[in-house]
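The values are calculated or read from the model by the stated rules, or taken from the named source; none is laboratory data. The model shown is predicted, which means the values in this text are computed figures rather than measured ones. Positions of Cβ are backbone-derived with ideal geometry, glycine not excepted, and every protein chain shown enters the neighbour counts.
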Amino acid sequence: QPRYAPYSCNSGFFYTRSNKKVQYLLTSLLYHGDLIRKTRSHQQVLNQLLLEHSSLFGLKVKVLDRHDYPHFPGGYHFNFDHSTMHQIISGELKPYIFHMFFTDGKETKVKFLKQFGEWYVHEECTEKLVDSANNLPVSHCCSEKPLISCYYKDKPSTIPCNDSPPHDENGEPFWKQ
């Protein structure tokens, strides 16, 4: 994606060191709130700032390549690499973390995570009802077992969802019959 070149980092999940250069980078990001609003992308702004701060101030940046680090899969793999997703579901691959990038909108991300068997928040504790959930104990909001729902037959799922509609036009079922 040229829009995010050369780093193409994911601004939804990242790790930083605590030092003056990083503090300045993150302060600069805060000061660019207007640009984030205009571009509707904190990722685009952060990637531009990474480029500037590495060039001007010697900030060291390392971005993990999504193909070289199988223990950090995410939305790209969910949407485009069903082989990796089958490995995760079978237990052959155990990710350290899974971030649903490459997926537009919170509603879609939640549906994908529910279908993938990685959703543990009861409905009464979701954002829509946050006021009433504030007084509930954590044990009431969090499920010990994943809360699985089928939405799309062409997206990864812990159980076959072949009776569900496809998400993508001409999408092939994730679970071949």
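A few points about this structure:
- Checked against the criterion of being on the phi < 0 side of the Ramachandran plot, at pLDDT below 85 and of a type in the set (Val, Ile, Thr), region 116-124 contains not a single residue that satisfies it.
- Residue in region 56-63 that is assigned to a loop (DSSP other than H, G, I, E, B), free of Cβ contacts under 8 Å to residues at least 60 places away in the same chain, over 24 Å from residue 155 (Cβ atoms) and β-branched (Val, Ile, Thr) present: yes
- Boolean, residue 28 is surrounded by 11 or more Cβ atoms within 10 Å (Cβ to Cβ), over 18 Å from residue 157 (Cα atoms), touching a helix residue (DSSP H, G or I) at 6+ places or on another chain (Cβ under 6 Å) and at pLDDT 95 or above: yes
- Verdict on residue 21 being charged (D, E, K, R), under 30 Å from residue 174 (Cβ atoms), modelled with pLDDT of 95 or more and not in a loop (DSSP other than H, G, I, E, B): no
- All positions within region 39-72 that are of a type in the set (A, V, I, L, M) and surrounded by fewer than 11 Cβ atoms within 10 Å (Cβ to Cβ): 56
- For region 64-77, a residue qualifies if it is in contact with a helix residue (DSSP H, G or I) (Cβ under 6 Å, 6 or more places away or on another chain) and assigned to a helix (DSSP H, G or I), and exactly one does: 77.
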